[in-house]
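*Asks:* The structure is given below, and queries will be raised subsequently.
No lab work stands behind these numbers, since they all come straight from the coordinates. Note that the coordinates shown come from a computational prediction; the quantities given were computed from them, not determined experimentally. Virtual Cβ from ideal backbone geometry, glycine too; neighbours counted across all protein chains shown.
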Amino acid sequence: MLNPQLRTIVQQMPKAELHIHIEGSLEPELIFALAQRNNVSLAYPSVEALRAAYAFTDLQSFLDIYYAGASVLLKEQDFYDMTAAYLQRAAADNVRHAEIFFDPQTHTARGVPMQTVIAGIYRACQDSPVSATLILSFLRHLSEEDAFATLEAALPHRDKFIGIGLDSSERGNPPEKFARVFARCKELGFHLVAHAGEEGPPAYISTALDTLQVERIDHGVRCTDDAALVQRLAREQVALTVCPLSNIKLCVFGDMGQHNLLQLLDAGIMATVNSDDPAYFGGYMNANFEAAFAALPLGLHHAQRLARNSFAAAFLPAAQKQALLDEVDAYFAAL
């Protein structure tokens, strides 16, 4: 049971979201509205039937529905509407800054031009009261050659995204599969991140750091299976973008009481809380904070630390980052 005062504090504290897949914010109501607008037929007869299908056994069972949902995104305005809806929810959760993943291969494979995808998402970010930047993610179940082709197609729009990520099916797709394309992205000056240690082993986290040279690890919760890796992450202050509700929905942990968020913080790791694919996993930012704080012995100092971590780990100019950290400290000092 979450103390009502603590609930209000985590709801109202300023925070950054560093692990949000914009396609994963596509609510069933908007999926059906876009399907109707674009004359796309869906395999589900109603919003309720689609939402009822959100009972996942693992990452792949989620991805199957995720890609089906994305099929309604065809025009620039569709990408704008999806992104604007997410940013409105983020603002309501007191998110000050969001670093948004988008998966162009999910759309270009369906014949949607790269320009359409990026322009719609970027325009919504420009119109938002929330500071928002974009991270282009490669789908790891596809080939590195496909990732290279995607990068080349996106480079004419490189002023509209700040980083490169790696997502989708982790099992059987180790980070080193993308070593060459990540080396190229590093040469180009992009920030680098990768999903690792969600369903994959701790070794994937080490490889993402050493071979891909990433600056942040998305998920990373499997690190606690390797004591030396935990020490390294704490020592090097590598941020982990942890997604509590996602981890429960995809059966990474049996329930929230088993989640290792507190263990990560106690080990000195720069853990952050994020929503991942909120339309599918049962909640946006505040819902993730509330669920974690309700199930784990997390208190006021953990809330402040998680808020600070989110800005410390963000890819922001030093002055903007410091201003946001100061806002966090002023918020907690006033309590």
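*Asks:* Rounded to the nearest 20 debye, what is the charge dipole size of the stretch 10-61 about its Cα centre when +1 sits on each Lys and Arg Cβ and -1 on each Asp and Glu Cβ? Write down the numbers at each step before the final one.
*Replies:* On the way: 3 positive and 6 negative charges, 18 e Å.
Dipole size: approximately 80 debye.
*Asks:* Which one, 174, 126, 65, projects farthest toward the positive side of the charge dipole computed for the chain from Cβ point charges (K/R +1, D/E -1)?
*Replies:* Among 174, 126, 65, the one farthest towards the positive end of the dipole of the chain is 126.
*Asks:* Of 63, 134, 74, which is the most mobile in a GNM of the chain whose springs link Cα atoms less than 10 angstrom apart?
*Replies:* Of the options given, 63 has the highest mean-square fluctuation.
*Asks:* Could you check which residue among 17, 176, 152 shows the biggest mean-square fluctuation in a GNM of the chain with a 10 Å Cα cutoff?
*Replies:* 152
*Asks:* Charges on Cβ only, +1 for Lys and Arg, -1 for Asp and Glu, centred on the Cα centroid of the chain; of 245, 154, 44, which one is farthest towards the dipole's positive end?
*Replies:* Towards the positive end, the residue furthest out is 154.
*Asks:* Please pull out the direction-averaged projected area of the stretch 98-248, using the convex hull of its alpha-carbon atoms, in nm² to one decimal place.
*Replies:* Dividing the Cα hull surface by four gives the mean projection, 9.3 nm².
*Asks:* Running a GNM on the chain with Cα contacts under 10 Å, which residue among 241, 108, 57 ends up with the highest mean-square fluctuation?
*Replies:* Most flexible of the set in this elastic network: 57.
*Asks:* Still on this structure, I have one more. Please list, or write none, the lysines whose alpha carbon is within less than 18 Å of the alpha carbon of residue 321, excluding same-chain residues fewer than 8 places away.
*Replies:* Excluding near neighbours in sequence, the set is 15.
*Asks:* Moving on to the next point. Mind listing the long-range amide H neighbours of residue 196? Cut-off is under 5 Å, sequence gap 5 or more, other chains count too, H placed in the peptide plane at 1.01 Å from N.
*Replies:* Residues meeting the criterion, in which the H sits 1.01 Å from N, are 218, 220.
*Asks:* Still on this model: Across bins of 5 angstrom width beginning at 0, how are the C-alpha pair distances of the stretch 226-279 distributed, in whole percent?
*Replies:* Final binned percentages: 4, 21, 25, 24, 17, 8, 1, 0.
*Asks:* Above 23 angstrom, tally the Cα pairs of the stretch 224-335 and express them as a % of all pairs, no decimals. Mind showing how you got there, number by number?
*Replies:* On the way: 1913 of 6216 pairs.
Considering the stretch 224-335, 31 percent of its Cα-Cα pairs are separated by more than 23 Å.
*Asks:* Looking only at the stretch 73-112, which residues have a backbone nitrogen under 20 Å from a spot 7 Å from the Cα of residue 36 in the C-beta direction?
*Replies:* The answer is 73-86, whose backbone nitrogens lie closer than 20 Å to the label point.
*Asks:* Using only C-alpha atoms and all pairs of different ones, pull out the Kirkwood radius for the stretch 1-91 in Å with one decimal.
*Replies:* Final number for the Kirkwood radius of the stretch 1-91 is 15.0 Å.
*Asks:* Sticking with this structure for a sec: To the nearest 20 Debye, how big is the dipole of the stretch 1-126 about its Cα centre, given +1 on the beta carbon of each Lys and Arg and -1 on that of each Asp and Glu?
*Replies:* Computed about the Cα centre, the dipole is about 260 debye.
*Asks:* Which whole-angstrom value gives the distance between the alpha carbon centres of the stretch 165-232 and the stretch 8-23?
*Replies:* Computed from Cα coordinates, the inter-centre distance equals 23 Å.
*Asks:* Can you pull the Rg over Rh of the chain, Cα-only, Kirkwood?
*Replies:* 0.94
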